[in-house]
1. Just one of the numbered conditions (1) outside any strand (DSSP E or B); (2) under 26 Å from A:C37 (Cα atoms) is not true of A:T197; which one?
2. Would you say B:G206 is part of a loop (DSSP other than H, G, I, E, B), in contact with a strand residue (DSSP E or B) (Cβ under 6 Å, 6 or more places away or on another chain) and under 30 Å from B:L48 (Cβ atoms)?
3. So which of C:E348, C:E397, C:E336 ends up being under 26 Å from C:A150 (Cβ atoms), acidic (D, E) and modelled with pLDDT under 85?
4. Would you pick out the residues in segment B:155-185 that are over 19 Å from B:P38 (Cβ atoms) and part of a loop (DSSP other than H, G, I, E, B)?
5. If I go through segment D:1-48 residue by residue, how many of them are at pLDDT 85 or above, exposed (fewer than 13 other Cβ atoms within 10 Å of the Cβ) and either among the aliphatic types (A, V, I, L, M) or not in a helix (DSSP H, G or I) (or both)?
6. What residue, among those in segment C:100-139 that are assigned to a loop (DSSP other than H, G, I, E, B) and aliphatic (A, V, I, L, M), is surrounded by the most Cβ atoms within 10 Å (Cβ to Cβ)?
7. Give the residue that is nearest to B:S327 (Cα to Cα), with candidates limited to residues of segment B:371-380 that are more than 7 Å from every other protein chain (Cβ to nearest Cβ) and of a type outside the set (A, V, I, L, M).
8. Whether any residue in segment A:134-154 is within 14 Å of chain D (Cβ to nearest Cβ), under 23 Å from A:T368 (Cα atoms), touching a strand residue (DSSP E or B) at 6+ places or on another chain (Cβ under 9 Å) and modelled with pLDDT under 90 is what I want to check.
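The values are calculated or read from the model by the stated rules, or taken from the named source; none is laboratory data. Bear in mind the structure is a predicted one, so any value in this text is a computation, not a measurement. Don't worry about glycine lacking a Cβ; one is built from the backbone with ideal geometry, like all the others, and counts go over all protein chains shown.
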Amino acid sequence: MDFDLAERELDLRELCATFAKREIAPVAAQAWEDQRCPTELLRAMGELGLLGLLIPERWGGIGMSTVGFVAAMEEIGHADQSIAAAWQAHTTIGSLPLLTFGTDSQRERWLRPLAEGTVLGAFGLTEPDAGSDARGIATRAVRGDGGWVINGRKAFISNAGTDMSYGVTLLARTDDGADERATYGSFIVEKDTEGFTMGPKMRGIGWKALDTRELYFDDVWVPDEQLLGDPALGLNQFLSTLEVGRISIAALSISLTQAVLDLALAYAKERRQFGRPISEFQAIQFKLADIATELEASRALTYYAAFLRDAGRPFRKEAAMAKLKASRTAAWAASEAVQIHGGIGYMLESPIARFYCDSKVLEIGEGTNEIQHLVIARALGC
Amino acid sequence: MDFDLAERELDLRELCATFAKREIAPVAAQAWEDQRCPTELLRAMGELGLLGLLIPERWGGIGMSTVGFVAAMEEIGHADQSIAAAWQAHTTIGSLPLLTFGTDSQRERWLRPLAEGTVLGAFGLTEPDAGSDARGIATRAVRGDGGWVINGRKAFISNAGTDMSYGVTLLARTDDGADERATYGSFIVEKDTEGFTMGPKMRGIGWKALDTRELYFDDVWVPDEQLLGDPALGLNQFLSTLEVGRISIAALSISLTQAVLDLALAYAKERRQFGRPISEFQAIQFKLADIATELEASRALTYYAAFLRDAGRPFRKEAAMAKLKASRTAAWAASEAVQIHGGIGYMLESPIARFYCDSKVLEIGEGTNEIQHLVIARALGC
Amino acid sequence: MSLQTHTIEDFRRDVRGWIDSNEVAELRELEHPRHRSLRLHLRFGAWIGDDDNPLHDAWKLWVERHQRDGYICPWWPTMAGGRGWDPIQQMVWTEELAAAGMPRVSRGLGEHLVGPAVFLHGNDEQRSRFLPPIIDGSDIYIQGFSEPDAGSDLANLRTTGVVDGDDLIITGQKVWTTVGLIGNRMFLLCRTNPQAPRHRGISFVLIDLVGDANIDVRPTRQMTGESEFTEEFLTEARAPLANVIGGLDNGWRVTMSTLGLERGGDATTAHLALAAQLGNVIEMARALGRSAEPVLRQEIIRSHIDIELMRFGGARVGGIIAAAINGDVAMQQEIERVASASKLTGAEVEQRIADLAIRVRGMEGLVRPDGDGYRTDQMQYELLWSRALTIQGGSAEIQRNILAERALGLPKDPAAV
Amino acid sequence: MSLQTHTIEDFRRDVRGWIDSNEVAELRELEHPRHRSLRLHLRFGAWIGDDDNPLHDAWKLWVERHQRDGYICPWWPTMAGGRGWDPIQQMVWTEELAAAGMPRVSRGLGEHLVGPAVFLHGNDEQRSRFLPPIIDGSDIYIQGFSEPDAGSDLANLRTTGVVDGDDLIITGQKVWTTVGLIGNRMFLLCRTNPQAPRHRGISFVLIDLVGDANIDVRPTRQMTGESEFTEEFLTEARAPLANVIGGLDNGWRVTMSTLGLERGGDATTAHLALAAQLGNVIEMARALGRSAEPVLRQEIIRSHIDIELMRFGGARVGGIIAAAINGDVAMQQEIERVASASKLTGAEVEQRIADLAIRVRGMEGLVRPDGDGYRTDQMQYELLWSRALTIQGGSAEIQRNILAERALGLPKDPAAV
């Protein structure tokens, strides 16, 4: 066994640490306060190659391992969760379907700019009324005019509405409803396409600098070349390409836990009560030790899932476990860290409050933790 | 990163799996019931080289990595916790002080038989009234008759009283009490030494096949060559050689969690209520998924600590974390697994009850979890 | 204007006076851990074995004094031979006995389940036949409810009762029977109408265990090393139809209402035992010099808070039970709700305290005492025994599920464990 | 013999009758989420801003009817201008108002803290000067207790009060003041004798905020986006010595007894708000078709059980408060114990319910509503607000630690957080 990062991964981590510290940390609080996606930072990340992290060099990326991606996320997410969330949405679900299902000419046209970091990627899966079961989506694409006509509505879509967005790749049902078996396809819709509109930026409890919107498709026509892969693909086959998203949220979660641990630790060493730094009180020490321990366990599990993906082995169960464990740890740790801070931690402007608010989505996004439980139970043979 | 075992470690794991299944599993319940340490099994393990696992070949061992040790423990402990407990006490604290502090002639005389598996090793640290702070030990060794005279009492000592035991290595204070700085030394006391006696085998709630006793030292004289290392050594320096014991208990814990998960899963698939296997009920599925997840996280963390030791890096904090996390997970998982079993799980003779009873000591032994918290907090700079 | 009343204190004074005049001091000795098994039996209504024990005479004297002054089953209605105490009075009685270190004279399941079933649902003939032997201690009942496939899902029971002339012929297996070896009689549920829906067609029957009963009672051994539970094999065992309480096929209703009362009764006093256990942990922590450890204190106080809340809950249930004994069915449902809440909380608190005790004590706490048989000391016993608390009599999950339906009106889903 | 009493029900009938005859139906509208901020202000005793709101007249009418019939601060002793209700009566009052959907007319901290401090510890002159303006709504008080270095460790306060002729000159900083912008007066603690031990030498003072007060009240913004809390800078602010309640240097005692009463009062009704929040979660689960999900049900019922137990605890505290208002010091300690238990449980239950609500709701629950300012909807507000519950007014850890000393007699260790 070897828990060390490879040299290339270490270099990447170093790069991200520097960028996070110099570029992200100084502006993160303001972007959160302004509820604005700082695309200038994402463009800068693109220039460093960070937007093509998981994409091979052939298509403009840097062909990094999943392990390296997790390591990079640890640095980015430690500085700011919103920017990390935008970055990971771009890097995973925003780009990978194009890599997996695209033809070479599609990759050249749409994937390369994503990987080179000139535009921001988005993927449209969730719908307002579909609940957490992707099978329930109502958006449909039907054959028409030598292409496809798309109608429907998507919700909670990240990265589609910024000044750096090119459009969206979305999932739609392609059967006519009469078939026994539902089929699904995904389609590239560029931003100025007729009939494609979107709502205002949603205002969240956390992730406030992330651009998230509802997207509306009203008789949107796209040519065949904007269909990605086989329109008769089953859903599971398709969704499996998104499983790395769970690793990504797990990585985001561990970066948050590390951030709140660092903040709580620093505060506890500085804050004095009853004449001593509160870090000397056993109750505080135990809390900090517990957070550090659960963090280290979550981290090891997350890297394990990433390793499995890199090794080309099945990682569905482990990715679900990593997501479940790391997000639950993050939400709990953020709450404990606020508790350690006392009143100051409850102020909206405090960094710990920002991370606390950001922590809430981790247990719900990218498949609720209820879903992760079911995925794991199924893998156990239940 | 690489989470795979090396070939040699894999071979070892395979060997242990076979031995556990063929030799340990069939007799474990009976040995537990009889409250007897099955030294015939330990001798057989010795013949396979398993008693010299962490000892270099030069001294009769097989020079396995710590990672390989954890992997071997996963198999042994899965079959039975008492035997695994006896084995790990021998392999870690029973042998390692001789390796670390012994002269070559001491290693030849006492370590080689331990590593070759003809005798069983024991280490005497804990005392009845010293609480969990090793600094409080009262056993003393004083210069006399050209050697050392030892007086004191040790409690909860494993492996010293079996028909395979050679004696014990024990820790004693070597200062005269007048010095400002307490010093400690350890001494080899063979079993027929005059003045060295022991109490009956203690009867535990769990680990019933493990031989655990009180040891009494009444003017026990040993020659200088039975003093191990420098008698003016500080305690911490000495105890640090025992830190691998925490990894060992963590490994024992994950083996227990895996065992109770397997038992609960098998039972849930077989047991029917309300007309369905209970494994189809969401509440049961969630419990099983939670156990599997916390197990995987504990496992990854334990291997991480083992890896650090193998790499020659500091691992005190990580070993404490692994012990804390894995033992807590094991105790909780065992309780949940009994709950899944319902009434049948509460019968003394059921395998799940055996593991449940065995789980209790994991959080207390080898440094209580309170101690682990403090070790971690200190490492965090509190 | 104030709604407070002080008559509870008057009652308490009376009770304390009776105990002062009648206590048998030797019985304080029963608190010693070595009498645990005996205490368990006494709680279930019988002095079994250990007849040479010098305390036996003291116990007989204490029981006689109760009988003389009518303090056995005192909460039973007067028409059933009791004093008609309401549960607050019972609680005071229990508290005062505990304060004096005197054991409560219990008639076990006869007092808590069979009696109420008979006086609430039986006919006059049954009342006069079954109640007096419970009060005078000649009938000790064990409970035949759970079966291998009917634990949490009690209505799934398979034991059959076939009418044969004036008798019911009963065949089946019962499990999870508390201290089954001490009884001379059993109350059980059997299916007397296989065609009826699950909850109908079940009858509540009293049956003799002694003599040629065709009932084989087998001890099993639990984690604690004790045989707190037995299993019974009934092979065409006979009970007269006149022993069916509440009418043929009506046993589910009888059971639910009496179980509710039992749980209600438990709820009024459950906090006492928990407070005592927590007190022992605190003592232990003090003795080991650990009572100032901050994190330990936090855990101790968490349990204390739950116990306090249960104490108040107990008083509340008390009030309701009083109404329910007079047959108010709506009240019975309220008891069931409240008592379930108390039982569920109590079980988890007890598990938590037992676990805490072991952690406070460290390695010493894991070593069982010397002596014959499979001995455990009090804290070890509580640790292992407490594990059964969220399983026996319907798992905690099932109980919460039932409460979700009954108390909050969530949709019914018996399979949604 | 039974100790039950039914006069509670008589009282309930009377109260219901008064509400029926006097209710102002338009005020049901206040329940709407858009009035949250207004509701918060009303709870603290003031209708602030939003005077054009058509409900304002309705509110004035409702208050007038209370004043006419003496239903403001009804639990205050009659000598203080109240009706002398005991807390069970208060609880009934609150329950009936809730059932009718009518808002309670509260005088905020004036009613719950200043009033009791004055009528328990003040002199006659202070009673006649300070109590009537609280009842008629002209004085709205805010609380000046916490400081940057005196949160959980309240006795560490640094604000100084120096006697200067007939005045006290007060300088220091207060934080964590609930809705500080709505008050015209503040009650505060300041150190008037720096030589005395920590808990002595502190005084409890009432001071004007309006006019040339030398008190700068600054809003801060919390996680919820609201300014539930403010901070105050006092620079040689003056209060007459006649405004010191309970005598110079005696403020700690005044504070502890009145804080205990306040917590006690909260304890009697805390379950109502929690039950309502849990009800909302259940409604949400139903609406989303998730109410049959087994694991969700288990979590819902767990919270329900805690709320039930708190409900009973509330009734118990009620009884004790009645005695304490009459000055029974031993009772005040009992209230403190019980109320702490209730507050600690309540805070954690509220956090759990708020978290559950968000999980039931999924992604939708994380999107804040449109509109000006930093809006949150009710469930979001509860999620964020609830995070403060184990921090404000002494962290949960400190409170448990205090309880460990007072209720269980564990060794005193103020530093053992």
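1. It is condition (1) that A:T197 fails.
2. Numbers: part of a loop (DSSP other than H, G, I, E, B): yes; in contact with a strand residue (DSSP E or B) (Cβ under 6 Å, 6 or more places away or on another chain): no; under 30 Å from B:L48 (Cβ atoms): yes.
The answer is no for B:G206.
3. Values: C:E348 fails: modelled with pLDDT under 85; C:E397 fails: modelled with pLDDT under 85.
Testing whether each residue is under 26 Å from C:A150 (Cβ atoms), acidic (D, E) and modelled with pLDDT under 85 leaves just C:E336.
4. Correct list: B:T174, B:D175, B:D176, B:G177, B:A178, B:D179, B:E180, B:R181, B:A182, B:T183.
5. 1
6. Filtering segment C:100-139 down to residues assigned to a loop (DSSP other than H, G, I, E, B) leaves C:101-107, C:122-123, C:136-139.
Within this subset, residues satisfying the condition of being aliphatic (A, V, I, L, M) are C:102, C:105.
Details: C:M102: 18, C:V105: 20.
Out of the qualifying residues, it is C:V105.
7. Among those that are more than 7 Å from every other protein chain (Cβ to nearest Cβ) and of a type outside the set (A, V, I, L, M), it is B:Q372.
8. Yes, segment A:134-154 contains at least one residue that is within 14 Å of chain D (Cβ to nearest Cβ), under 23 Å from A:T368 (Cα atoms), touching a strand residue (DSSP E or B) at 6+ places or on another chain (Cβ under 9 Å) and modelled with pLDDT under 90.
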